[in-house]
Structures are given as C-alpha cells and as structure tokens.
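First up is the structure itself, then whatever we jot down about it.
Throughout, read-outs are computed from the coordinates displayed, never taken from laboratory work. Please read these numbers as outputs of a predicted model, since none were measured by experiment. Please note: Cβ atoms are built from the backbone with ideal geometry, for glycine as well, and neighbour counts cover all protein chains shown.
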Amino acid sequence: MEKLFDILYTITFNIFTILYIVMFFVSIKKCFLREKKNRVKLFFLTFVTNPIMVFIVTFVTAMISCGLIWALISGNTMSQGINEAIYGDTFSLQITMVGGMMFIALSILFSHLIGRWLKAPNVSMVTFIYLMFSVIYGLSGSSSDDSSSAVPIPSSGFNLMSNICSIAAICLLYRYVIRPLSALTDKERAINWKLFLIPPILFLPIYYTFDYCTFTFGSYAANLVSQLFSLLVVFLFIWAFCVIIRNINATNAAIEAKDLAAEMARAEARIEADLSIAKSIQTSALPRVFPPFPDKTEFELFASMNAAKEVGGDFYDFYLLNDSTLGFLIADVSGKSIPGAMFMMTAKTVIKSLAESGLSPAQVFTQANNKLCEGNEAEMFVTAWLGYLDLKTGLVRAANAGHNPPVLIHNGKAEYLKLRPGFVLAGMEGIKYKEQEIRLEKGDMLYLYTDGVTEAMNNSEDLYGEERLKELLSFGDEVPEPSEKNGIAEPVCEKVLVDVSEFTDGAEQSDDITMLCVRYMGEKQDQ
Amino acid sequence: MTVTTLKEGTKLTVTPEGKMTTSAAPDFEKAIKENISGMTGLVLDLGKVDYMASAGLRVLLSTAKVMHKQGSFKIINVTEPVMDVLTFTGMADIMDVEKA
C-alpha cells in the first residue's frame, strides 16, 4: 500500500511540476503577446523567471549566505559552514526561514524588474502571482520526516493528497485569477499591482509562525495540522486574488459607467444646442413686427407663437395680396423637432407663393396639398386655415384644411365658426378644398389659434378646452384696453396667453401655443 | 400607454388605452407596425382613448395609407373628444369611423 502511494506521489508531483511550468508559460504568453512583443524574448523570459528556477536560485543563495554567516560567527571555513548549513540540524529551520524570506523579497524584486525591462507591467503581475503561489506550495510540504504511527493515515498518502490539491489549485489559479487578469489588462486600465501584495503579507507571517511552532514541537499531529493549514492557505490565496480582481472589475465598471454618463451628457448638450438653433430659425421665420402694415387702418392684426421646449411646427403668416385684400393664415405641422421645422418652412413658403399668385384660398390649398404630398416620406401633415379679408366689404373668404375652428367675436360675444372641415394638407393627394364665406361687421374679430391653446394641460392632466377659450373671449362690455399700436387685437391675444399660463400653473408646455387675431375696422375713411 | 393587440387569422384588432399624447403615440405606432404585415383587416378600438394629439393623428393617417393597399381599416368606439378632432381635421370623412 505504501509503495502504491509512493508511486502515485511521484507521478502527481511530476504532473504538478509540469503543469506549473506550462501554466506559467501560457499565462506569460497571454499577457506578453497581448502587448505585442516577440516570441524569443518570451521564451527567454519564462526560462529565467520560471518560479522553479527562482526557487532554486534563492534557496541556494540562502544556504550559501547562511553558511557564510555561520562560518564568520564560529570561525570555521566557508565550505564547512555550507556543509553545516545543508546537512546540519542547527540551521535547517533558519535556512527555511531565511530562504523563504529571501524568496519573497527576490520575487517581488524580480517581477518588478522584469516588467520594467520588457515594459510589460502585466508580465510582472503574473510572475509575482506564480511566485507567491510557489511560496505556499514550497512550504506546504512536510516539515519533518517523523512518521509516527500514532496516526492511521500514512504520510505519503497525505503527501499524495497534497499534490492533488496543488494540481487543482494551479488550475483554479489559472482559470479564476490569470485569465480575468489578462482580460483586465486588455482594457488598458492601470492596475495597482501593490494590491496583490496584501494576501502574502497577511497570510505568510501567520503561516511562518505556525510552521515554526510545529517544527519546534515536531509531533506528527502537528505536522498534519500544518500541512492542512498550508493547503487551506493555497486556496485562500486564490480566493483572495479573485476578490481583488473582482474589486478591480467593479471599480472599472464604475469608471466606465461614469465615462458613459459623461458622454451621454455631452451628446444631450449637443442635441439641445442644435434644437435651440432650429428653434431660433423657426422663430425668426415668423413675422414679428406689429403692426405689419401701419398705413392700413382697415384692420387690427396681432399674432404670437410661443414655442414648446422641443421645436414644434406651428406658424402663422399674413400678406397684403393687393391694396384691398389681407391674407392671413394659421397652421400646425404634425411633425416635431428639426424635420417638423423644415416641413413648416416648406409649407409656409408654398402657401405664400400660391396666395400671392392670385389664387383663391380653396385653390391655394388644393395646389399646396399636392405640392406638399410630393417627397413627404416622413408622412407629416399640416392643418391650416387661410382667409382673405376684403378690406372694403369685410367679407372673408376662407379655406380650412383640418384646422381647429376659429372664434368669431361679435359685440363682445364669442362663437366658434364650425363650418365644413376639410382634410389636412399633405395627407393625401388629389383633395379638392372648398371655400367658405364669413361676413365681418365693423369691430368684429376673428381669433385663430392652434391646439397648443385648447389642449394645454395642467398638472392634473385637465385640458384648457374650447369652452374656457370661448368664455374668455366673450368679454362682453369689458372691452380690453387697446394697445398703443395694435388696437385690441394685441391685448386679446395677451389675455389668452395669461389665462392659459395660469391654467397650466407651471406644468411643462407640450406644444407650441400660437394665435392670430384680426379685427375688421371698416373701410378706409377718406379724410 | 398600453396597447393590446388581437389577431384572428388575417384580422387585427388594436386597442390602445389612455391619453394619446405626443409621447404615447410612438408606442401606439410600434404596436401597429409590429403586427400589421399580412393583415387584410384592421380594427382600431379607441374606446379607452379620450385624447388625441396630432402625433396620434399622424399614426392613424399612415396606418390608413398602409391598409389602403392591404385591406380594410375601421375605427370604432370613438369617444366624443376624439370624434371632434377626427371631424374637424377631416379624418372622419376620409376614414371609416364609428362613434361609441
């Protein structure tokens, strides 16, 4: 039975040694080649820094130095000193201690220097880890040969088990420590390698103390305990390294999340900047000088557009088509943001040029609709209301393309003009629009608006609504104070804006609030 | 906005629920787009919709255009406020719309 264990022990020991060297080579290669250095250097490196080589070198150095010191102290020759050191009892413990300490110190130095020489810091990391591992392995062998039969387990059996565990440990080291580590170094993050000093610094003094005690008292039971402890330490090491790596990963994830958040904030700021430019283009495209035709006293005219945060698509327009005809328009594009604004500009231009070419409102819409259907891939549409006011007679000829019905204010009383609705512009080709007529008497007002007014929402999601607008505009005898240049058209518009603002009470504006108010003042009186 | 869809052979019924605001319309559009291919009949049940913004109208219009090539399109259970909007935008004339 003993013989079997011995054979197995030898086999497993050799497997472990080979595995260890191979794993070391593979690990270095993973890190080294990632940093794109050449293979010859790699081979040389693994040969020189192979922990087993280092192990031999340091222990030999330890033996020689201990021997020398002994020789100096006791006055013997150097060769005697070394002899004593290797074979004598006195110093074997000291040699183990000193050798061990030197090994650790040299490991740290070695790893660091290799990394510096090759300019490959992850190589020093891997070297260091393997060296640390080998410290533990080296120390986990039996401390004494005392094979007392007090314990039933043969020591060679125990050593076999120890080897098997070491094989397992080296595989675990590679899978859970080295591979994540090399993945980490891929991302070019600076790893504070000093973190990896912590496990050795914590575990080794405890281990040494333990080992010293068991060696001194030298019983088999103590030896067994010491070996179990050292096995435990091997696995604890691997676990400690894993924890460190996990920590590094977490820190990196946090850094990456922060970077991403910063990038997103920058992208958002860019979009906001673009939107505000688009909005200023849109706003400046709308005529804002009132009165637009100061010489014309036959009417009062005022209009306003309050854009929502996102560039919307509301617009208004007016033109003096000839000396006695005022054309006025209000419209709402269904698209938002930059595509909506562009479509708005197109629609405004198309309608204006058609109106100025002498067509009636219905004809303008019929032709504009077909023009706007062309190339309208985004499938936006426009609702619009266009009217021509005859300044001599007060007759308004109008066409409606799916827009909200305007309000007619006569003698301070407001009513909706719910005439025949037409379909929206740019929705479908070939639609023929029909004209409607409204007779304005002197002093009558037409109030046009977009759904930004009637669909303004407060925090309880109530809508402002058509009723509220109608009531507000029915000012009865309490005629608003005329403004300096725009009669009561301007204060009426202001009144609605203020009321809507009070209603929404700080809730975010979701749509452009646009309105146009025109008041017929009668035919021009010749002075 | 929650949108439930029901497929019976080549007939699709879509039932949105809530206010069809500008921000809700994309969910509505997505639900239709994901289920519309190959359907020969589409029924839109607007019984649970009490508000229609122009973004919603846009979805209705583009859906009508698609179904015009594929089959039939009907809007049922339209509530009063939505009916008003469909009327004055002329959509009620162009599409098959039924009041609630």
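Some observations on this one:
- Working note: Karplus 6.51/-1.76/1.60 with θ = phi - 60° gives the range A:342-358 the couplings 5, 5, 4, 4, 4, 4, 4, 5, 4, 5, 4, 5, 5, 5, 6, 7, x Hz, where Gly and Pro are set to x.
- 11 Å beta-carbon shell around B:Leu44, net charge (K/R +1, D/E -1): -2
- Equivalent ellipsoid semi-axes - Cα gyration tensor, the range A:251-375, angstrom: 41, 18, 8
- When restricted to Cα atoms, chain B yields an Rg and a Dmax of 12.1, 35 Å, respectively.
- In this structure, A:Lys432 and A:Met264 have a Cβ-Cβ separation that, at R0 = 56 Å, corresponds to a calculated FRET efficiency of about 0.65.
- Karplus-derived HN-Hα couplings along the range A:325-334 (A = 6.51, B = -1.76, C = 1.60, θ = phi - 60°), whole Hz, x at Gly and Pro: 9, 10, x, 9, 9, 10, 8, 9, 8, 6
- Distance between the C-alpha centres of the range A:473-524 and the range A:242-284: 42 Å, rounded to the whole angstrom.
- Principal axes of the range A:368-505: Cα extent on each, largest first, Å: 48, 46, 26
- Legend: calculated FRET efficiency, A:Lys485 to B:Ser72, from the Cβ-Cβ distance at R0 = 45 Å, rounded to 0.05, equals 0.20.
- Reach of A:Lys30 by Cα under 27 Å, taken over lysines that are not fewer than 8 positions away in the same chain: A:Lys41, A:Lys119, A:Lys187, A:Lys194
- The calculated FRET efficiency for the pair A:Glu272 and A:Asn247, based on their C-beta separation and a Förster distance of 41 Å, comes to about 0.65.
- Under Karplus coefficients 6.51, -1.76 and 1.60, residue-wise ³J(HN,Hα) of the range B:56-66 in Hz, glycine/proline x: x, 4, 4, 5, 4, 5, 5, 5, 4, 5, 5
- Remark: spin-label model distance A:Leu72-A:Lys442 equals 12.6 nm, labels positioned 7 Å along the Cα→Cβ axis.
- Average silhouette area of the range A:287-520, convex hull of alpha-carbon atoms, in square nanometres: 12.1 nm²
- Percent breakdown of C-alpha pair distances by 5 Å bin, ordered from the shortest bin, for the range A:484-525: 5, 17, 23, 20, 13, 10, 5, 3, 2, 0
- Beta bridges per DSSP, both residues in the range A:378-527: antiparallel share near 95 percent.
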